[in-house]
1. State yes or no: is Tyr90 modelled with pLDDT of 95 or more, within 24 Å of the chain's Cα centre (by Cα) and either over 18 Å from Thr53 (Cα atoms) or of a type in the set (Ser, Thr, Tyr) (or both)?
2. Is it the case that some residue within region 128-142 is over 21 Å from Glu163 (Cβ atoms), aromatic (Phe, Trp, Tyr) and surrounded by 14 or more Cβ atoms within 10 Å (Cβ to Cβ)?
3. Would you check if there is a residue in region 86-94 being surrounded by fewer than 16 Cβ atoms within 10 Å (Cβ to Cβ), in contact (Cβ under 8 Å) with a residue 24 or more places away in the chain and closer than 19 Å to Gly44 by Cβ?
4. Given Tyr75, Tyr149, which one is closer than 23 Å to Asn49 by Cα and over 16 Å from the mean Cα position of the chain (by Cα)?
5. Please return the ranges of strands (runs of 3 or more DSSP E) entirely within region 55-142 where 1 or more residues are of a type in the set (Lys, Arg) and assigned by TED's automatic domain parsing to the domain that holds Val164.
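The values are calculated or read from the model by the stated rules, or taken from the named source; none is laboratory data. Computed from a predicted structure; not experimentally measured. Positions of Cβ are generated from backbone atoms using ideal geometry, with glycine treated the same way; all protein chains shown enter the neighbour counts.
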Amino acid sequence: MRKKNLLAVTLMVLCVGLMACGGKEKEAETQAQTQQEQQKAETGYVFENKGLTMNIDGNVTDYVAKLGEPSGGYYEAKSCAFEGLDKFWYYDGFTLQGYQKSGAELVYAITFDDDTVKTKEGVKIGDSKEKMTSAYGSNYKQDGNMYSYVSGNMELQFTVKDEVVMGITYALKAE
(Lines give C-alpha, C1' and ligand atoms only; values in the text may rest on other atoms or scores of the structure.)
Protein backbone atom coordinates (compact mmCIF):
# COMPACT_ATOMS: atom_id res chain seq x y z
CA MET A 1 0.00 0.00 0.00
CA ARG A 2 2.85 2.33 0.87
CA LYS A 3 4.47 1.66 -2.54
CA LYS A 4 1.21 2.51 -4.33
CA ASN A 5 0.89 5.79 -2.41
CA LEU A 6 4.53 6.65 -3.14
CA LEU A 7 4.00 5.82 -6.82
CA ALA A 8 0.82 7.97 -6.95
CA VAL A 9 2.57 10.92 -5.30
CA THR A 10 5.55 10.57 -7.67
CA LEU A 11 3.24 10.53 -10.71
CA MET A 12 1.37 13.60 -9.46
CA VAL A 13 4.65 15.50 -8.92
CA LEU A 14 5.83 14.46 -12.38
CA CYS A 15 2.55 15.60 -14.00
CA VAL A 16 2.63 18.95 -12.18
CA GLY A 17 6.27 19.39 -13.24
CA LEU A 18 5.47 18.65 -16.88
CA MET A 19 2.52 21.05 -16.86
CA ALA A 20 4.73 23.76 -15.38
CA CYS A 21 7.35 23.24 -18.09
CA GLY A 22 4.72 23.40 -20.79
CA GLY A 23 3.32 26.54 -19.19
CA LYS A 24 6.76 28.21 -19.21
CA GLU A 25 7.27 27.21 -22.84
CA LYS A 26 3.85 28.59 -23.79
CA GLU A 27 4.52 31.73 -21.74
CA ALA A 28 7.86 32.27 -23.54
CA GLU A 29 6.16 31.75 -26.92
CA THR A 30 3.42 34.26 -26.02
CA GLN A 31 6.03 36.74 -24.79
CA ALA A 32 8.01 36.43 -28.05
CA GLN A 33 4.84 36.95 -30.11
CA THR A 34 3.95 40.05 -28.04
CA GLN A 35 7.45 41.47 -28.63
CA GLN A 36 7.08 40.89 -32.40
CA GLU A 37 3.70 42.65 -32.43
CA GLN A 38 5.14 45.54 -30.39
CA GLN A 39 8.05 45.88 -32.83
CA LYS A 40 5.60 45.90 -35.78
CA ALA A 41 3.62 48.67 -34.09
CA GLU A 42 6.79 50.76 -33.81
CA THR A 43 8.17 50.16 -37.31
CA GLY A 44 5.14 49.17 -39.36
CA TYR A 45 5.14 46.53 -42.05
CA VAL A 46 7.90 46.88 -44.63
CA PHE A 47 8.29 45.74 -48.23
CA GLU A 48 11.60 44.29 -49.39
CA ASN A 49 12.64 44.12 -53.03
CA LYS A 50 16.13 43.48 -54.44
CA GLY A 51 17.73 44.00 -51.04
CA LEU A 52 15.99 47.33 -50.45
CA THR A 53 13.63 47.74 -47.48
CA MET A 54 10.83 50.25 -48.13
CA ASN A 55 8.30 51.59 -45.68
CA ILE A 56 5.33 53.94 -45.76
CA ASP A 57 6.39 57.57 -45.29
CA GLY A 58 9.93 56.59 -46.27
CA ASN A 59 11.88 58.84 -48.63
CA VAL A 60 10.59 57.84 -52.08
CA THR A 61 13.41 59.71 -53.83
CA ASP A 62 16.00 57.48 -52.12
CA TYR A 63 14.08 54.32 -53.03
CA VAL A 64 13.70 55.31 -56.69
CA ALA A 65 17.41 56.17 -56.90
CA LYS A 66 18.29 52.69 -55.61
CA LEU A 67 15.64 50.81 -57.65
CA GLY A 68 16.59 52.55 -60.90
CA GLU A 69 14.43 53.34 -63.89
CA PRO A 70 10.94 51.80 -63.56
CA SER A 71 10.31 49.22 -66.29
CA GLY A 72 6.66 50.29 -66.65
CA GLY A 73 7.36 54.01 -66.64
CA TYR A 74 6.50 56.95 -64.46
CA TYR A 75 3.33 59.04 -64.12
CA GLU A 76 2.35 62.08 -62.08
CA ALA A 77 -0.87 64.00 -61.50
CA LYS A 78 -2.06 66.85 -59.33
CA SER A 79 -3.02 65.41 -55.98
CA CYS A 80 -6.56 65.79 -54.74
CA ALA A 81 -5.60 64.54 -51.26
CA PHE A 82 -2.20 66.15 -50.59
CA GLU A 83 -0.24 69.25 -51.58
CA GLY A 84 1.63 69.06 -54.90
CA LEU A 85 1.70 65.97 -57.09
CA ASP A 86 0.95 62.27 -56.68
CA LYS A 87 3.71 60.27 -58.39
CA PHE A 88 3.69 56.68 -59.61
CA TRP A 89 6.66 54.47 -60.51
CA TYR A 90 5.72 51.18 -62.22
CA TYR A 91 8.31 48.51 -61.40
CA ASP A 92 8.18 44.78 -62.21
CA GLY A 93 5.52 43.34 -59.90
CA PHE A 94 4.66 46.47 -57.94
CA THR A 95 3.78 50.16 -58.14
CA LEU A 96 5.40 52.70 -55.85
CA GLN A 97 3.22 55.75 -55.15
CA GLY A 98 4.69 58.92 -53.69
CA TYR A 99 3.26 62.15 -52.36
CA GLN A 100 4.64 65.47 -51.20
CA LYS A 101 4.51 66.59 -47.59
CA SER A 102 6.28 69.67 -46.25
CA GLY A 103 8.55 69.69 -49.29
CA ALA A 104 9.59 66.04 -48.92
CA GLU A 105 8.80 63.21 -51.34
CA LEU A 106 7.36 60.32 -49.28
CA VAL A 107 5.89 56.87 -49.95
CA TYR A 108 2.10 56.87 -49.87
CA ALA A 109 1.48 53.31 -51.09
CA ILE A 110 3.12 50.21 -52.50
CA THR A 111 0.70 48.09 -54.52
CA PHE A 112 1.41 44.58 -55.77
CA ASP A 113 0.61 44.14 -59.46
CA ASP A 114 1.13 40.37 -59.76
CA ASP A 115 2.40 37.25 -57.98
CA THR A 116 6.10 37.85 -58.69
CA VAL A 117 6.56 39.81 -55.46
CA LYS A 118 5.68 38.90 -51.89
CA THR A 119 5.49 40.54 -48.48
CA LYS A 120 8.44 40.27 -46.12
CA GLU A 121 6.42 37.58 -44.31
CA GLY A 122 6.08 35.57 -47.54
CA VAL A 123 2.50 36.24 -48.71
CA LYS A 124 1.80 36.95 -52.39
CA ILE A 125 -1.17 37.37 -54.71
CA GLY A 126 -2.73 33.94 -55.28
CA ASP A 127 -1.99 32.64 -51.79
CA SER A 128 -4.78 31.46 -49.52
CA LYS A 129 -6.46 33.57 -46.85
CA GLU A 130 -5.24 30.90 -44.44
CA LYS A 131 -1.61 31.68 -45.37
CA MET A 132 -2.34 35.38 -44.80
CA THR A 133 -3.77 34.79 -41.33
CA SER A 134 -0.98 32.34 -40.54
CA ALA A 135 1.58 35.04 -41.35
CA TYR A 136 -0.22 38.04 -39.81
CA GLY A 137 -2.73 36.65 -37.32
CA SER A 138 -6.42 37.29 -36.93
CA ASN A 139 -6.14 40.81 -35.52
CA TYR A 140 -7.33 42.44 -38.75
CA LYS A 141 -10.01 44.96 -39.58
CA GLN A 142 -12.42 43.64 -42.23
CA ASP A 143 -14.51 45.71 -44.62
CA GLY A 144 -16.14 43.47 -47.23
CA ASN A 145 -13.34 41.66 -49.07
CA MET A 146 -10.66 43.96 -47.59
CA TYR A 147 -8.59 42.76 -44.63
CA SER A 148 -6.37 45.43 -43.04
CA TYR A 149 -3.57 45.04 -40.54
CA VAL A 150 -2.81 48.41 -38.93
CA SER A 151 0.63 49.25 -37.58
CA GLY A 152 1.65 52.75 -36.61
CA ASN A 153 0.77 55.16 -39.41
CA MET A 154 0.21 52.48 -42.03
CA GLU A 155 -2.04 49.64 -43.12
CA LEU A 156 -1.17 46.40 -44.85
CA GLN A 157 -4.28 45.62 -46.90
CA PHE A 158 -5.27 42.30 -48.48
CA THR A 159 -8.14 41.92 -50.91
CA VAL A 160 -9.52 38.38 -50.58
CA LYS A 161 -12.07 36.70 -52.83
CA ASP A 162 -13.17 33.07 -52.46
CA GLU A 163 -10.48 32.56 -49.77
CA VAL A 164 -7.69 33.64 -52.20
CA VAL A 165 -5.54 36.79 -51.89
CA MET A 166 -6.31 38.90 -54.97
CA GLY A 167 -4.48 42.11 -54.03
CA ILE A 168 -1.92 43.46 -51.57
CA THR A 169 -1.21 47.10 -50.71
CA TYR A 170 0.95 48.82 -48.13
CA ALA A 171 -0.68 52.24 -47.57
CA LEU A 172 -0.61 55.32 -45.40
CA LYS A 173 -3.34 54.88 -42.79
CA ALA A 174 -6.44 56.99 -43.50
CA GLU A 175 -6.98 59.55 -40.78
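1. Working: modelled with pLDDT of 95 or more: yes; within 24 Å of the chain's Cα centre (by Cα): yes; either over 18 Å from Thr53 (Cα atoms) or of a type in the set (Ser, Thr, Tyr) (or both): yes.
Yes.
2. Let us first name the residues in region 128-142 that are over 21 Å from Glu163 (Cβ atoms), namely none.
No, region 128-142 has no match at all.
3. Scanning region 86-94 turns up no residue that is surrounded by fewer than 16 Cβ atoms within 10 Å (Cβ to Cβ), in contact (Cβ under 8 Å) with a residue 24 or more places away in the chain and closer than 19 Å to Gly44 by Cβ.
4. Working: Tyr149 fails: over 16 Å from the mean Cα position of the chain (by Cα).
Being closer than 23 Å to Asn49 by Cα and over 16 Å from the mean Cα position of the chain (by Cα) holds for just one of Tyr75, Tyr149, which is Tyr75.
5. Values: elements: 74-78, 85-91, 94-101, 104-112.
Hits in region 55-142: 74-78, 85-91, 94-101.
Residues are listed down the side, and each one gets a yes or a no for (1) of a type outside the set (A, V, I, L, M); (2) within 23 Å of Ala174 (Cα to Cα):
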{"position": "Tyr45", "(1), (2)": "yes, yes"}
{"position": "Ile56", "(1), (2)": "no, yes"}
{"position": "Asn59", "(1), (2)": "yes, yes"}
{"position": "Pro70", "(1), (2)": "yes, no"}
{"position": "Tyr74", "(1), (2)": "yes, no"}
{"position": "Leu85", "(1), (2)": "no, yes"}
{"position": "Ser102", "(1), (2)": "yes, yes"}
{"position": "Asp114", "(1), (2)": "yes, no"}
